[in-house]
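Here, each number is a calculation from the coordinates, and none is a lab measurement. Because the structure is predicted, anything quoted here is derived from the model rather than measured. Cβ placement follows ideal geometry from the backbone for every residue including glycine, while neighbour counts extend to all protein chains displayed.
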Amino acid sequence: MKKVSQKQIMTANRLSDGAVVYLGADDEWVLSLHDAEVAEGEEEAVRLEERAGLAMKQQKIVGPYLFAVDVSECGISAVSQREIIRSAGPTVGTDLPETTPLR
């Protein structure tokens, strides 16, 4: 594993509906970036990876990975453009009626 020099969060897609989720406390996968557990060092990042691996085996999530975040008094914010977009929600299908299963 590469050396962790910044704070990170574990993200994945929920297997049941494809939603972007973040690993929170008590192994819950949450929808909000602000509810995610932040790894502040290499040991904590390894623990997040282990917990995500277990969730994959339980077929709860797919494609987990860590990404860098900034933490301030305003909350948690993604560093990369990709994660900023993912945390903002879907960029397609937003015109579907509320009764559509994808909403």
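May I ask you to sort Y65, Y22 by Cβ crowding, counting other Cβ atoms within 10 Å and putting the fewest first?
On the way: Y65 11, Y22 24.
If I rank by nearby Cβ atoms, fewest first, I get Y65, Y22.
Please give, to one decimal in nm, the separation of the simple spin-label points placed at Q58 and Q6, each 7 Å out from Cα toward the Cβ.
3.0
Which of S72, S87 has the fewest other C-beta atoms within 10 Å, and how do the rest follow up to the most? Please list the in-between numbers first.
Numbers: S72 7, S87 21.
Placing the least packed residue first, the sequence is S72, S87.
If packing is taken as the average number of other Cβ atoms within 10 Å across a peptide's residues, how do 37-44, 78-85 rank, most packed first?
Numbers: 37-44: 14.9, 78-85: 13.1.
In decreasing order of mean packing, 37-44, 78-85 become 37-44, 78-85.
Considering amide H positions built from the backbone, and no H for Pro or chain starts, which residues 5 or more places from W29, or on another chain, come under 5 Å of its amide H?
Distant-sequence amide H within range of W29: G24.
For a paramagnetic label modelled at 7 Å from the Cα of N13 toward its Cβ, which residues of the range 45-89 fall within the zone defined by backbone nitrogen distances under 16 Å?
Label zone hits: 56, 59-66, 82-83, 85-89.
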